[in-house]
Structures are given as structure tokens and as C-alpha cells.
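Colleague: So that we are looking at the same thing, I have put the structure below in C-alpha cells.
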Amino acid sequence: MSREFLLRSLSAIALSVVAAPSAFAGGQAIIQGGGATAAEGDYAGPNSSKGAPLSEFSTYNASTTATQFGFYWASSSGVGQTAFVTDDLTCDINFYNNGGACSGTPGGADTVHYTVSESTLSTGNYAIWTTGSYGQVAAGNLIQLPSIGTGLAFPVVETNVTANGQLELSDNDLCEIFSGGYTDFSQITDSGTFKPAAGTINVVYRSDSGGTTGILTEHLTKVCTEGTNSNIAFKVTTTFASLFPSGVPANFTGEKGNGGIINYLENLDGGPTVTQALSYVSQDWTSIAKAPDNQTANGAAPNALVAAVFNGTTAYLPTTTNIETALKHVLATANGVTTPPSTAAEGANPFNWVPVIETVSAGYPVVGYGTLEVAECYANSTIEAGVIAYLTDHYKSATYKKIQKNNGFVSVANTGAAKFVTTIYNHILANTGNKKNPAWNINIGNATACAGLPGR
């Protein structure tokens with residue numbers, strides 16, 4: 001176990017004992033949840049601290065005495081979503097403890113007010129929300145919003161690679177590598193004049209349910225063809241190993257979370273010896289995002305070098321500039337969503353709010369949107385007001401946009417999904433309407449929709 005994992009586990013154990021319930025602690029209402037390891041630095045600070053300076057939650061906490069964001073449980077996108085739809089915070093808490101299983105103690109001290117993901121909600125988890133005891137019947141609509149623009153980086157440990165972008169990967173390379181077709185770096189021939197050293201490609205994948213896997217497979221499903229440039233038929237999934245029903249190839253290794261992958265690659269704290277490896281992580285976990293607030297690997301800025309990826313004849317690095325360009329030039333989406341909902345019925349469907357990107361016509365080619373999931377109805381009016389206040393700052397405040405950029409992400413307002421922001425203001429954070437365009441009544445805390453519901 002790496003030191004980062006150990007510290008997280010000890011912190012999680014301690015905080016699970018003292019964590020405040022969703023009611024009040026010291027006069028403050030505690031907003032609690034968790035999810036993606038990709039953006040934990042942006043929301044809560046490096047290594048899931050209560051909030052490093054200049055993280056979004058710590059900035060919010062410093063501005064109010066009514067509500068506070070409690071400990072952010074970095075449990076992966078899939079686990080965070082499960083915790084949210086079942087209203088069981090122990091799913092998040094137990095990610096690094098107790099075998100990773102949910103304790104089955106929903107509500108009360110284990111109330112989950114939000115979750116963060118790097119991929120949209122699975123249909124299975126949404127079904128739990130619509131049919132279970134703690135979702136629709138208790139808390140109204142599940143609200144899913146695009147939160148940040150992000151890119152997927154491909155960190156590489158290879159003898160000849162000494163700088164970011166030396167290794168250049170085509171879609172063909174990505175298809176072959178992640179399907180097990182290429183097993184040696186010498187098979188990569190699309191990298192221009194740069195020649196990687198021969199040696200086994202140790203492919204390190206997310207062993208947990210990760211949103212970064214979702215972003216990866218959204219792209220590969222579009223550009224890979226079984227029998228041509230891939231050993232398998234890719235499908236969109238957050239669980240990488242599910243692509244290989246008979247077991248992952250021998251040169252594949254699984255690690256939990258973005259931090260687990262980076263620690264493995266950087267061979268910290270007596271970890272495994274890695275001489276030739278390649279993986280995929282959120283780009284804020286790599287050396288490409290050397291910024292004041294970016295993630296850390298065992299207390300230090302990540303040193304992982306990343307490959308560039310071809311979009312057409314140009315190879316791009318996953319910088320915030322190249323990610324922003326890509327998100328303004330979306331070529332294809334998996335769910336057909338390119339514009340915000342235009343009616344109340346469309347707005348009530350959480351899948352209509354986030355474009356799921358497959359390919360782009362310019363910029364870095366492997367990108368997507370992180371998401372925030374919240375409830376329509378909350379039991380505590382102070383919690384409800386706090387969620388609305390935070391989301392307002394998240395989309396509107398120049399300070400929050402700077403925090404997002406410093407963590408290697410792109411504000412939604414600076415992407416092709418910018419047009420969603422006005423609709424979020426009008427119909428999720430408020431209930432704007434007139435005689436010609438009546439209010440939708442799907443906003444957070446809507447009195448009509450939430451009447452008679454206990455709330456989350």
C-alpha cells in the first residue's frame with residue numbers, strides 16, 4: 001500500500017468517526033458527498049484534505065458561516081454515484097476501508113447531498129434513483145450538470161521519454177495499446193522521428209469504476225474497429241476490466257484511482273518496479289498541470305510525463321488551452337446532446353444536460369465534461385440554500401473559474417457548453433418564467449415539486 005493510500009485510509013477512518021451529520025455541527029449545516037478522484041484537488045484540495053487553499057470548497061467555506069462542505073470522499077466516479085443514488089455515504093467512506101463495500105446505512109449521518117463524476121450517470125444508477133426509496137420519491141428529480149471541462153492524459157514511463165510530448169500517439173496506437181494489440185513500445189510507429197525504446201508496455205488501468213475510463217472508452221468506441229486496429233470491440237464503460245470478459249491481457253495492471261496509477265508509475269514508497277509503462281489519468285495528475293493548486297502524489301507535485309495525441313496531422317498535449325479549444329469544436333457526441341434542454345420535460349431528464357464527447361475537430365482529442373449530481377429537494381433549507389449558493393459561484397465567480405484553471409480544468413463558460421450555463425441559472429438555480437415561456441418547476445427546492453417530499 002502506498003503512503004498516499006495509507007494516509008487516505010487513516011484520515012477516512014478518523015473522519016468517519018467525527019464527521020458531522022447533515023444536520024448541524026457548531027451551528028453550521030454540513031454538505032457532504034464525494035466521488036471522482038480526478039477533480040478532488042479542484043473541489044476539496046490535494047489528497048482529499050478538508051480543503052487546501054484555493055480549492056472550490058475551501059473558498060466557499062471561507063465565505064459563509066451558514067453551511068460548510070465537509071470532508072470530500074475521493075471514492076471514484078462510480079462509487080460516488082452509487083453513494084448518491086442510495087443515499088449512503090459509507091459507500092464513499094469505505095472505498096479505501098472495510099473491503100470497499102457499502103455498509104447499507106442510508107440517511108441520517110450518512111446522508112449524501114451531492115456527487116462529482118468525470119462521466120455521466122449510468123443507466124443502472126439512474127434506475128436506482130427512479131425506483132428506490134431514497135431517490136425520486138424522497139428527493140424529487142436527480143439533477144446532473146456539466147461542472148468542468150477536462151482532458152485525459154496518457155502518462156508514460158519509457159527509457160527514451162524525457163519530456164512531455166516526445167511520444168506521440170495516434171488513435172490507431174491508442175486502440176492497439178488498450179486492446180492488447182501492441183505489447184511492446186517498439187510497435188508504436190506513428191510518433192514521427194522519435195523512436196521509443198523496445199520493451200513491454202505495462203498498461204496500467206483503473207481497477208475501480210472511474211470516470212476517466214468512461215472518457216477513454218467514449219473516444220475509443222468511436223475510433224477503434226475490432227479486427228482492424230483493435231483486438232476487442234470497445235464499449236462505453238467506467239469499469240475497464242469489463243472490456244475483457246476472459247480477463248485482461250498479461251501485460252495489464254489495475255490500480256485504484258488516479259492517485260493509485262500515478263503512484264504506481266512514479267514508483268514511490270517502495271512500490272513496484274516499473275521500467276516501461278503507459279496509462280490514462282485526468283491530466284491534472286501529471287506534470288502537464290504544474291499549477292498552484294494541482295494534485296499531489298505523496299505530497300509532491302506529480303512528475304509523470306505524458307504523451308501527445310494526434311488530432312489529424314497535429315499532435316497535441318492535454319493543456320488547458322488545447323482542452324478548451326477541443327471543447328469548442330465537438331465533432332460527435334455519444335448521446336446526441338449539443339444544446340441545453342428547451343422544455344420542462346427535457347429539463348427533467350438528467351441525461352439532457354451533459355454532452356458526452358466522442359471526437360473533436362480541433363485541439364486535444366480525448367476530452368469530456370466532469371459532472372455534478374445534486375437533488376431537487378433537500379430536507380434542510382440551509383443545505384438547499386448552500387448548494388444553490390455554491391453552484392452559483394461555481395459557474396459565475398471569476399475566483400472559482402481561476403481555481404478550475406489552476407487545477408488544470410476548463411470552466412464550462414469557456415467551452416462549447418457555455419450555452420448551458422444560462423439555462424442552469426434560469427431553470428435549476430432559479431425558476432424563471434413568463435406568460436410566453438412558463439417556469440419549468442424543476443429548480444432546486446421548487447415548492448411545487450418538493451411539496452410533501454422528505455427531501456435529501
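Colleague: When residues of the stretch 100-124 are filtered for being among the polar types (S, T, N, Q), under 22 Å from V236 (Cβ atoms) and surrounded by 19 or more Cβ atoms within 10 Å (Cβ to Cβ), how many remain? It would help to see each step written out before you state the result.
Modeller: Filtering the stretch 100-124 for residues among the polar types (S, T, N, Q) gives 103, 105, 111, 115, 117, 119-120, 122-123.
So of that shortlist, the ones also under 22 Å from V236 (Cβ atoms) come out as 115, 117, 119-120, 122-123.
If we keep only those that are surrounded by 19 or more Cβ atoms within 10 Å (Cβ to Cβ) too, we end up with 115, 117, 119-120, 122.
Matching residues across the stretch 100-124 total 5.
Colleague: Counting just the residues of the stretch 299-318 that are crowded, with 17+ Cβ neighbours inside 10 Å and assigned to a loop (DSSP other than H, G, I, E, B), which one comes out modelled with the lowest pLDDT?
Modeller: Restricting to residues being crowded, with 17+ Cβ neighbours inside 10 Å and assigned to a loop (DSSP other than H, G, I, E, B), the top hit is P302.
Colleague: Does the stretch 384-394 contain any residue that is surrounded by fewer than 19 Cβ atoms within 10 Å (Cβ to Cβ) and free of Cβ contacts under 8 Å to residues at least 60 places away in the same chain?
Modeller: Looking through the stretch 384-394, at least one residue is surrounded by fewer than 19 Cβ atoms within 10 Å (Cβ to Cβ) and free of Cβ contacts under 8 Å to residues at least 60 places away in the same chain.
Colleague: Now for a different question. Counting just the residues of the stretch 232-248 that are in contact with a Ser or Thr (Cβ under 9 Å, 6 or more places away or on another chain) and in a helix (DSSP H, G or I), which one comes out nearest to S122 (Cα to Cα)?
Modeller: Checking each candidate, the answer is F240.
Colleague: How do the pairs read when you match residues in the stretch 87-114 that are under 27 Å from L145 (Cβ atoms) and among the polar types (S, T, N, Q) with residues anywhere that are modelled with pLDDT under 90 and not in a loop (DSSP other than H, G, I, E, B), using Cβ under 7 Å and keeping only pairs 6 or more apart or on different chains?
Modeller: Final answer for the pair search is N94/G100.
Colleague: Regarding the stretch 172-187, can at least one residue be identified that is in a loop (DSSP other than H, G, I, E, B), of a type in the set (D, E, K, R) and buried (at least 24 other Cβ atoms within 10 Å of the Cβ)? Please lay out each step first, then the result.
Modeller: In the first step, residues of the stretch 172-187 are kept if they are in a loop (DSSP other than H, G, I, E, B); the result is 180-183.
Of the ones still in play, those that are also of a type in the set (D, E, K, R) are none.
No, that holds for no residue.
Colleague: Further question on the same structure: When you scan the stretch 402-409, do you find a residue that is modelled with pLDDT under 95, in a helix (DSSP H, G or I) and more than 17 Å from the chain's Cα centre (by Cα), even just one?
Modeller: yes
Let's see how each residue does on (1) within 30 Å of E358 (Cα to Cα); (2) of a type outside the set (A, V, I, L, M, F, W, C); (3) assigned by TED's automatic domain parsing to the domain that holds I388:
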| site | (1), (2), (3) |
| --- | --- |
| S75 | yes, yes, yes |
| S117 | yes, yes, yes |
| N125 | yes, yes, yes |
| G132 | no, yes, yes |
| V137 | no, no, yes |
| G140 | no, yes, yes |
| L145 | yes, no, yes |
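The values are calculated or read from the model by the stated rules, or taken from the named source; none is laboratory data. What you see is a predicted model; the values in this text were computed from it and never measured. Positions of Cβ are backbone-derived with ideal geometry, glycine not excepted, and every protein chain shown enters the neighbour counts.
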